[in-house]
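Notes follow the structure.
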Amino acid sequence: MKKTAYAVLLLIGFASVPAFAETRPADPYEGYNRAVSKFNDQADRYIFAPAARGYRKVTPKPVRTGISNFFNNLRDVVSFGSNILRLDIKRASEDLVRVGINTTFGLGGLIDIAGAGGVPDNKNTLGDTFASWGWKNSNYFVLPVLGPSTVRDALGTGITSVYPPKNIVFRTPAGRWGTAAASAVSTREGLLDLTDSLDDAAIDKYSYMRDFYMKVRARQTGATPAEGTEDNIDIDELVESAETGAAKPAVQEDSVSETQAEAAGEAETQPGTQPGTQPGTQP
């Protein structure tokens with residue numbers, strides 16, 4: 001579940017602190033990134049977080065779980081395509097089995113029967129595919145609304161946004177926009193506890209999120225850890241504390257879903273085990 005939480009966590013941006021705005025080799029776009037992070041933080045504070053809390057309050061947990069499972073089933077389609085491009089037949093087969101079982105026997109993906117049966121939940125992205133092709137290191141890059149990313153991952157996100165699997169199911173503009181909104185609210189609701197813990201822990205939220213994100217992605221892709229990443233960020237401890245809070249009534253962790261994924265140690269099985277170029281030299 002942790003790997004999924006990482007993946008969805010990337011969608012949320014945080015406020016910036018101008019006093020820490022000096023440029024760093026590992027973050028050459030820091031001026032832009034901080035400006036977009038500030039915009040994202042305001043949007044989250046006044047739109048996305050309130051909508052997610054309202055959704056959690058009025059929607060029963062079984063319904064939230066079903067909606068989360070439905071969108072996770074669509075993410076498995078993306079993961080299948082990504083693993084095919086990587087020629088990772090084992091993971092691609094697991095993704096295909098998950099989609100087949102959950103779509104056929106899980107009421108269109110509302111019930112995660114494959115997960116209950118122990119089928120691995122890979123949730124690979126095009127960013128992981130690019131990393132397996134050799135683009136392991138990539139500079140931090142904050143996307144408007146979507147939040148923390150890298151140049152490499154942003155390219156993958158852009159491609160899957162233009163050709164999303166949901167378009168196969170929803171053919172009208174109203175259906176596609178409606179599912180996009182539902183997915184955003186469901187994803188944000190699943191991250192409330194994790195982001196609240198980050199909010200309490202971080203002094204400079206931008207730096208903390210950047211270092212946290214880059215450390216997670218380095219572990220997942222086998223990249224060289226970004227220069228300046230804080231060594232005292234314990235990913236497992238942070239996610240564990242959020243999951244403990246999520247165990248309380250009316251709290252649910254989304255599948256990333258970020259989001260359902262595997263344990264943090266499992267994230268190290270992601271593609272690429274050899275570091276590439278040094279941070280700050282890649283696009």
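Data overview
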| quantity | calculated |
| --- | --- |
| Of the criteria (1) modelled with pLDDT of 90 or more; (2) open to solvent by 10 Å² or more (accessible area, probe 1.4 Å), which one GLU189 fails | (2) |
| Among the residues listed as ILE159, ILE111, ILE101, the single one being in a helix (DSSP H, G or I), open to solvent by 60 Å² or more (accessible area, probe 1.4 Å) and either of a type in the set (Lys, Arg) or out of contact with any Ser or Thr (no Cβ under 6 Å at 6 or more places or on another chain) (or both) | ILE159 |
| Residues of region 141-156 classified as open to solvent by 10 Å² or more (accessible area, probe 1.4 Å) and not in a loop (DSSP other than H, G, I, E, B), total | 6 |
| Residue check, VAL169 at pLDDT 90 or above, under 20 Å from LEU110 (Cβ atoms) and out of contact with any Lys or Arg (no Cβ under 7 Å at 6 or more places or on another chain) | no |
| Selection within region 86-98 - surrounded by fewer than 16 Cβ atoms within 10 Å (Cβ to Cβ) and either hydrophobic (A, V, I, L, M, F, W, C) or not in a helix (DSSP H, G or I) (or both) | LEU87, ILE89 |
| Where LYS57 falls short, out of the listed (1) open to solvent by less than 70 Å² (accessible area, probe 1.4 Å); (2) more than 20 Å from ALA131 (Cβ to Cβ); (3) among the basic types (Lys, Arg); (4) at pLDDT 95 or above | (1) |
| Check on ARG34, touching a helix residue (DSSP H, G or I) at 6+ places or on another chain (Cβ under 9 Å), surrounded by fewer than 20 Cβ atoms within 10 Å (Cβ to Cβ), assigned to a helix (DSSP H, G or I) and modelled with pLDDT of 95 or more | no |
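The values are calculated or read from the model by the stated rules, or taken from the named source; none is laboratory data. Quantities reported herein were computed from a predicted structural model and do not represent experimental measurements. We place every Cβ from the backbone using ideal geometry, glycine too, and count neighbours over all the protein chains shown. To get the accessible areas, we keep the full protein, side chains included, count just its heavy atoms, and leave off ligands, DNA and RNA. Shrake-Rupley method; radii C 1.70, N 1.55, O 1.52, S 1.80 Å.
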